[in-house]
Amino acid sequence: MSSTHRVPVRAGVGLRLPHIEEVVATRPSAGWFEIHPENFVANPHGMELLQDLARLYPISVHTVGLSVGSVGGIDRPHLRRVRALIDLIDPVLVSGHLAWSTHKGEYLNDLLPLPYDRETLDTVAGHLREVQDGLGRPFLLENPSSYVGFAGSTMTEVQFLNELVDRTGCRLLCDVSNVYLSGRNMGYDARQYLDGLPAEAIDELHLGGFTAEDDDATPGGEVLIDTHATPVAEPAWALYAYAIQRFGPRPTLIEWDNDIPALDALLNEAARADAISHETTDIEAHRVVAG
Amino acid sequence: MLSLAETQQRLRDAVVSDKSGGAADLLVGGLNAAGRLAIHRRHYEASLVAALMGRFPATGWLMGTAPIEDAARVFVHEHPPTAPCIAEYGRDFPKFLTAFLTTRPGIRPVPELRAFSELDWHLGRLAVAVDIPPVTRDQVAAIPAGALADTRLTIQLGTYYFEAARPIDDLMKLYLADAALHQIELPEMDVRVEARGARGVFRFARLTPAEFAFRAAIANAQSVGDSAQNAWNVDESFDPGTAMAGLIDAGLVTDLSLVSALPVRD
């Protein structure tokens, strides 16, 4: 990574358009901010503010429109627009999702699930190489929030992510809340999932709120929806502590995209992530010394 | 085993077109995995309807939000986005909305609704525009006299030209002033308007028919000569020199290029 900023281990927050003018004007104490480039590439005024912000804080770029899982390929003009934004603001990290969202020229505005098999692996690996070449830097791939899987999958999501790292040199963004949510929805053990990820490839963690809904299609009658509209839930905080124990301290990002609260609420969530990270790291250090 | 292409086609149909039958056999998760596709279908519809409602706030103020949401819920399934920036979505919605509302019982027709909602969409674009440094009179004067007619002028991106048979610019100013909407009478009256916006600030200027023909043609990438001809078609006394000077002095022109030297646009 070539950024002049270094990504701090301190937690950051997702910066959405309602907060950007406030952040530029008040310059709150924050570790770093994450933006979605799709909110800025067609917004010249937002881009001006973003450039001001990038002089003050480390910025992470989290794409939602690159769609590395689409069989139709990468939208190259969009990739070039993202590259141009990256060249302007010099982010510390660039990431996206293990999902697909484009189909024959349509943008479905959702992160849709993929079957985990050899054909998908070849497709996603090829697109990841193209994205990394196009952006001129490593790309962090985020594990999805899952409500369904595919009967024809021949490998687990963890195996699939490990293969992608081996084949492409991509990095991983582990969304801890997604791991918890998907484990609940799909019936797997969230800690075992984290245990299976390659710790050395994980460059970032995400935490976001989810919403429980009644679901008669689910054994417990409840499905967790990745709404990013609530505070991080207690079980996700507990899993975050386990992730820090497992991976060590990592740049952590609080996501909140809907029913967006005052900026202070986001910064308080980031402070809690910092506290858990420090506490867990201190305990681990004591264990090493005592052992 | 289906190919990835066929799998994605079936999921796309389930999410966009509500044809979940083709995807049902592919899925696992919960007791009724196919039923869980409703989560994706619901998110698709809700997020895009919300995006459209955010893109047409003045239209919602004028008509009430319920009929606009009804139209949006149908529109998003018939016209999925074709660009990754959802803020750009909905340019075709005004035409759809106008036709949709004529089929709804109890909705009183609103004159110039399509033009008003098109203006609404464009104001969203103008709100986030920025003015870039304009060219000067000296730069224009440096163009050889024989080349001026074949020159194209690039206009500030935060500009929109529209005409309507009612004063919808006044109606939009009422919305922007946060006025309560009671009974409003819009007289029949042709208006030709230049709307400018930058960093959230808007200006509206009414133009004469010839000025409008000239400036709208310039904004539509026609050459100075062709744009002047458009204006002469409306008013033989049109003076292109004065019109050019007006454009330059208003800071509207950001670049000059010869027609033959223009790069091909994407």
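We did not get these values from a lab; they are worked out from the coordinates using the rules stated. Since the structure is predicted, the reported quantities are computational estimates derived from the model, not experimental observations. In this analysis, Cβ positions are derived from the backbone assuming ideal geometry, glycine residues included, and neighbour counts consider all displayed protein chains.
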Per-residue mean of C-beta atoms belonging to partner chains within 10 Å, peptide B:128-134: 3
Charges only on Cβ, +1 for Lys and Arg, -1 for Asp and Glu: so what's the dipole of the range A:47-206 about the Cα centre, in debye to the nearest 20? 240
When the charge dipole of the range B:111-266 is computed with +1 at the Cβ of Lys and Arg and -1 at the Cβ of Asp and Glu, the Cα pointing farthest to the positive end, of B:Pro240, B:Gly158, B:Met189, is that of B:Gly158
By the gyration tensor of its Cα atoms, with a ≥ b ≥ c the square roots of the eigenvalues, what is the shape of the range A:15-165: rounded for a/c under 1.5, prolate for a/b over b/c, or oblate? prolate
So what are the three principal axis dimensions of the protein assembly as shown from its Cα atoms, in whole Å, longest to shortest? 93, 56, 46
Asserting the computed 222 nm helical MRE of the protein assembly as shown (DSSP H runs at least 4 long, -39500 (n - 2.57) per run, divided by residue count, to nearest 500) equals -14500 deg cm²/dmol
Would you mind checking the range B:27-48 for residues with the amide N under 18 Å from a putative spin-label position 7 Å along Cα→C-beta of A:Thr211? B:36-48
7 Å from Cα along Cα→Cβ at both A:Gln192 and B:Asp70: what's the point-to-point distance in nm? 5.2
For the range A:215-265, with +1 on Lys and Arg beta carbons and -1 on Asp and Glu, the positive-most of A:Tyr240, A:Gly221, A:Leu263 along the dipole: A:Tyr240
Take B:Ala221 and B:Ile184, extend 7 Å from each Cα along the Cα→Cβ direction, and tell me the distance between the two endpoints in nm. 3.4
Ranked by how many other beta carbons lie within 10 Å on average, peptides B:142-152, A:167-177 from highest: A:167-177, B:142-152
Considering Cα pairs under 8 angstrom that are at least six residues apart, work out the relative contact order of chain A and quote it in whole percent. 17
Can you pull the one-decimal nm distance between simple spin-label points at A:Arg246 and A:Ala151, each 7 Å off the Cα toward Cβ? 3.0
Unit charges on C-beta of K, R, D, E only; dipole of the protein assembly as shown, Debye: 500
Aspartates and glutamates near B:Lys173 by alpha-carbon distance under 18 Å, same-chain residues fewer than 8 away left out - which ones? B:Glu112, B:Glu118, B:Asp120, B:Glu163, B:Glu185, B:Glu188, B:Asp190, B:Glu194
Calc'd 3J(HN,Hα), the range B:81-95, phi into Karplus 6.51 cos²θ - 1.76 cosθ + 1.60 (θ = phi - 60°), Hz, glycine/Pro = x, comes to x, 10, 9, x, 8, 5, 4, 8, 6, x, 4, 8, 5, x, 5
Net dipole in debye of the range A:14-83 [+1 Lys, Arg Cβ; -1 Asp, Glu Cβ; about Cα centre; nearest 20]: 260
Cα shape, chain A, gyration tensor, a/c 1.5 rule: rounded
